[in-house]
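Q: Take a look at the following structure, please.
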Amino acid sequence: MPPENTRPLRADARQNEDRLLEASARAFARDGSEASLKDIAKDAGVGIGTLYRRFPTRERLIEATYRNETARLCEAAAESLETSSARDALRAWMDGFVDYMATKHGMAEALHAVLVTQGDLRMRTRDLLTEALATLLAAGVAEGAIRADVDPDDVLMALGGVTLIAGGADQRALAGRLLDLLLAGLVSPSS
(Lines give C-alpha, C1' and ligand atoms only; values in the text may rest on other atoms or scores of the structure.)
Protein backbone atom coordinates (compact mmCIF):
# COMPACT_ATOMS: atom_id res chain seq x y z
CA MET A 1 0.00 0.00 0.00
CA PRO A 2 2.73 2.48 -0.91
CA PRO A 3 1.90 6.12 -1.54
CA GLU A 4 0.07 6.50 -4.81
CA ASN A 5 2.07 8.17 -7.55
CA THR A 6 1.73 8.07 -11.30
CA ARG A 7 5.40 8.49 -12.17
CA PRO A 8 8.36 6.48 -10.87
CA LEU A 9 10.80 8.44 -8.74
CA ARG A 10 14.53 8.74 -9.34
CA ALA A 11 16.60 6.79 -6.82
CA ASP A 12 17.62 9.90 -4.86
CA ALA A 13 14.05 11.21 -4.82
CA ARG A 14 12.83 7.80 -3.60
CA GLN A 15 15.40 7.88 -0.77
CA ASN A 16 14.27 11.39 0.18
CA GLU A 17 10.66 10.26 0.20
CA ASP A 18 11.47 7.22 2.33
CA ARG A 19 13.34 9.39 4.85
CA LEU A 20 10.47 11.90 4.92
CA LEU A 21 7.91 9.17 5.57
CA GLU A 22 10.02 7.63 8.34
CA ALA A 23 10.57 11.05 9.94
CA SER A 24 6.89 11.94 9.65
CA ALA A 25 5.84 8.66 11.30
CA ARG A 26 8.11 9.44 14.26
CA ALA A 27 6.90 13.04 14.46
CA PHE A 28 3.19 12.22 14.22
CA ALA A 29 3.51 9.49 16.87
CA ARG A 30 5.35 11.89 19.15
CA ASP A 31 3.68 15.27 18.43
CA GLY A 32 0.35 14.44 16.80
CA SER A 33 -1.02 15.69 13.51
CA GLU A 34 0.25 19.21 14.15
CA ALA A 35 3.88 18.06 14.11
CA SER A 36 6.16 20.65 12.57
CA LEU A 37 6.71 20.00 8.87
CA LYS A 38 9.95 21.96 9.09
CA ASP A 39 11.15 19.61 11.84
CA ILE A 40 10.09 16.57 9.79
CA ALA A 41 12.14 17.82 6.83
CA LYS A 42 15.12 18.51 9.09
CA ASP A 43 14.89 15.07 10.69
CA ALA A 44 14.78 13.52 7.20
CA GLY A 45 17.87 15.48 6.17
CA VAL A 46 16.10 17.41 3.40
CA GLY A 47 14.94 20.96 2.93
CA ILE A 48 11.35 22.04 3.49
CA GLY A 49 11.03 22.63 -0.27
CA THR A 50 11.71 18.94 -0.90
CA LEU A 51 8.94 18.02 1.52
CA TYR A 52 6.46 20.39 -0.16
CA ARG A 53 7.39 19.27 -3.67
CA ARG A 54 6.56 15.69 -2.77
CA PHE A 55 3.72 16.38 -0.32
CA PRO A 56 2.12 19.75 -1.13
CA THR A 57 -0.26 19.59 1.86
CA ARG A 58 -0.13 18.24 5.38
CA GLU A 59 -3.03 15.93 4.48
CA ARG A 60 -1.08 14.41 1.60
CA LEU A 61 1.87 13.74 3.92
CA ILE A 62 -0.43 12.19 6.51
CA GLU A 63 -2.08 9.95 3.92
CA ALA A 64 1.28 8.88 2.50
CA THR A 65 2.61 8.19 6.01
CA TYR A 66 -0.46 6.11 6.82
CA ARG A 67 -0.15 4.10 3.62
CA ASN A 68 3.58 3.63 4.13
CA GLU A 69 3.28 2.53 7.75
CA THR A 70 0.53 0.07 6.79
CA ALA A 71 2.69 -1.38 4.02
CA ARG A 72 5.72 -1.66 6.30
CA LEU A 73 3.77 -3.47 9.00
CA CYS A 74 2.19 -5.88 6.52
CA GLU A 75 5.52 -6.64 4.83
CA ALA A 76 7.08 -7.30 8.24
CA ALA A 77 4.84 -10.35 8.71
CA ALA A 78 6.36 -12.38 5.87
CA GLU A 79 9.86 -11.00 6.44
CA SER A 80 9.94 -12.00 10.10
CA LEU A 81 8.89 -15.55 9.26
CA GLU A 82 12.09 -15.91 7.23
CA THR A 83 14.27 -15.50 10.32
CA SER A 84 12.08 -16.36 13.33
CA SER A 85 9.72 -19.01 14.53
CA ALA A 86 6.07 -18.25 13.81
CA ARG A 87 5.40 -17.59 17.48
CA ASP A 88 8.30 -15.12 17.77
CA ALA A 89 7.35 -13.50 14.45
CA LEU A 90 3.77 -13.08 15.64
CA ARG A 91 4.88 -11.49 18.92
CA ALA A 92 7.25 -9.11 17.10
CA TRP A 93 4.45 -8.18 14.69
CA MET A 94 2.18 -7.43 17.64
CA ASP A 95 4.78 -4.99 18.96
CA GLY A 96 4.96 -3.42 15.51
CA PHE A 97 1.18 -3.09 15.51
CA VAL A 98 1.32 -1.09 18.76
CA ASP A 99 3.88 1.25 17.16
CA TYR A 100 1.75 1.51 14.02
CA MET A 101 -1.31 2.46 16.05
CA ALA A 102 0.67 5.07 18.00
CA THR A 103 1.53 6.76 14.70
CA LYS A 104 -2.07 6.44 13.53
CA HIS A 105 -3.41 7.93 16.77
CA GLY A 106 -0.97 10.81 16.43
CA MET A 107 -2.46 11.61 13.03
CA ALA A 108 -6.05 10.89 14.12
CA GLU A 109 -7.71 14.23 13.44
CA ALA A 110 -6.20 14.79 10.01
CA LEU A 111 -6.33 11.10 9.12
CA HIS A 112 -10.06 11.04 9.83
CA ALA A 113 -10.59 13.63 7.08
CA VAL A 114 -8.53 11.53 4.64
CA LEU A 115 -10.43 8.35 5.49
CA VAL A 116 -13.80 10.09 5.11
CA THR A 117 -12.95 11.23 1.59
CA GLN A 118 -11.41 7.85 0.70
CA GLY A 119 -13.80 5.37 2.29
CA ASP A 120 -12.21 2.36 0.63
CA LEU A 121 -8.80 3.16 2.17
CA ARG A 122 -9.97 2.20 5.66
CA MET A 123 -11.39 -1.14 4.49
CA ARG A 124 -8.37 -1.88 2.31
CA THR A 125 -6.09 -1.22 5.28
CA ARG A 126 -8.10 -3.56 7.48
CA ASP A 127 -7.96 -6.26 4.78
CA LEU A 128 -4.18 -5.89 4.44
CA LEU A 129 -3.64 -6.10 8.21
CA THR A 130 -5.92 -9.13 8.46
CA GLU A 131 -4.05 -10.86 5.61
CA ALA A 132 -0.69 -10.22 7.28
CA LEU A 133 -1.98 -11.54 10.58
CA ALA A 134 -3.53 -14.57 8.85
CA THR A 135 -0.11 -15.35 7.33
CA LEU A 136 1.50 -15.32 10.76
CA LEU A 137 -1.26 -17.40 12.34
CA ALA A 138 -1.20 -19.97 9.54
CA ALA A 139 2.55 -20.35 9.94
CA GLY A 140 2.03 -20.83 13.67
CA VAL A 141 -0.63 -23.47 13.09
CA ALA A 142 1.67 -25.26 10.62
CA GLU A 143 4.43 -25.29 13.26
CA GLY A 144 2.00 -26.53 15.91
CA ALA A 145 2.62 -23.41 17.99
CA ILE A 146 -0.70 -21.62 17.47
CA ARG A 147 -4.24 -22.94 17.92
CA ALA A 148 -6.00 -23.79 14.67
CA ASP A 149 -9.31 -22.22 15.72
CA VAL A 150 -7.98 -18.64 15.91
CA ASP A 151 -9.71 -16.08 13.71
CA PRO A 152 -7.38 -13.31 12.43
CA ASP A 153 -10.22 -10.76 12.67
CA ASP A 154 -10.62 -11.57 16.37
CA VAL A 155 -6.90 -11.17 16.99
CA LEU A 156 -6.88 -7.86 15.11
CA MET A 157 -9.75 -6.61 17.26
CA ALA A 158 -7.92 -7.72 20.42
CA LEU A 159 -4.79 -5.89 19.26
CA GLY A 160 -6.89 -2.79 18.69
CA GLY A 161 -8.18 -3.12 22.24
CA VAL A 162 -4.64 -3.34 23.60
CA THR A 163 -3.73 -0.11 21.81
CA LEU A 164 -6.82 1.65 23.17
CA ILE A 165 -5.89 0.68 26.71
CA ALA A 166 -2.10 0.97 26.49
CA GLY A 167 -1.24 2.78 23.27
CA GLY A 168 0.73 5.65 24.77
CA ALA A 169 4.50 5.77 24.66
CA ASP A 170 4.53 5.82 28.46
CA GLN A 171 2.47 2.61 28.55
CA ARG A 172 4.77 0.31 26.58
CA ALA A 173 5.39 -1.98 29.55
CA LEU A 174 1.65 -2.46 30.04
CA ALA A 175 1.17 -2.99 26.30
CA GLY A 176 3.90 -5.64 26.36
CA ARG A 177 2.26 -7.49 29.23
CA LEU A 178 -1.13 -7.39 27.49
CA LEU A 179 0.42 -8.66 24.26
CA ASP A 180 2.04 -11.51 26.19
CA LEU A 181 -1.40 -12.42 27.61
CA LEU A 182 -2.95 -12.30 24.15
CA LEU A 183 -0.20 -14.49 22.73
CA ALA A 184 -0.63 -16.96 25.59
CA GLY A 185 -4.28 -17.31 24.59
CA LEU A 186 -3.27 -18.11 21.01
CA VAL A 187 -0.67 -20.74 21.82
CA SER A 188 -1.53 -24.32 21.02
CA PRO A 189 -1.94 -26.47 24.15
CA SER A 190 0.57 -28.96 22.72
CA SER A 191 3.41 -26.43 22.45
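Q: In the set GLU69, GLU63, GLU34, GLU17, which member is out of contact with any helix residue (DSSP H, G or I) (no Cβ under 6 Å at 6 or more places or on another chain) and either loosely packed, with under 14 Cβ neighbours inside 10 Å or assigned to a helix (DSSP H, G or I) (or both)?
A: Criteria check complete, one pass: GLU34.
Q: Among the listed residues ALA148, ALA139, ALA78, which satisfies the condition of being in contact with a Ser or Thr (Cβ under 8 Å, 6 or more places away or on another chain), farther than 26 Å from ARG30 by Cα and surrounded by 13 or more Cβ atoms within 10 Å (Cβ to Cβ)?
A: ALA78
Q: Name the single residue that is nearest to THR103 (Cα to Cα) among those in the stretch 137-188 being of a type in the set (Val, Ile, Thr) and within 16 Å of the chain's Cα centre (by Cα).
A: Only one residue tops the list, namely THR163.
Q: Quick one: would you say THR130 is surrounded by fewer than 18 Cβ atoms within 10 Å (Cβ to Cβ) and either at pLDDT 95 or above or not in a helix (DSSP H, G or I) (or both)?
A: yes
Q: Quick check on ARG26: is it modelled with pLDDT under 95, over 11 Å from the mean Cα position of the chain (by Cα) and in a helix (DSSP H, G or I)?
A: yes
Q: Would it be correct to say that THR83 is among the hydroxyl-bearing types (Ser, Thr, Tyr) and surrounded by fewer than 14 Cβ atoms within 10 Å (Cβ to Cβ)?
A: yes
Q: Which numbered condition in (1) surrounded by fewer than 18 Cβ atoms within 10 Å (Cβ to Cβ); (2) assigned to a helix (DSSP H, G or I); (3) touching a helix residue (DSSP H, G or I) at 6+ places or on another chain (Cβ under 7 Å) is the only one that ARG177 fails?
A: Answer for ARG177: the failing condition is (3).
Q: Answer yes or no: is there a residue in the stretch 100-108 that is part of a helix (DSSP H, G or I), of a type in the set (Lys, Arg), modelled with pLDDT under 95 and closer than 30 Å to ARG177 by Cβ.
A: yes
Q: Here is a further query. Do we find that THR103 is more than 21 Å from ALA169 (Cα to Cα), touching a residue at least 12 places away in the same chain (Cβ under 8 Å) and under 13 Å from the mean Cα position of the chain (by Cα) in this structure?
A: no
The values are calculated or read from the model by the stated rules, or taken from the named source; none is laboratory data. What you see is a predicted model, and the numbers here were worked out from it, not measured in a lab. FYI the Cβ positions are ideal-geometry reconstructions off the backbone, even for glycines, and counts take in every protein chain you see.
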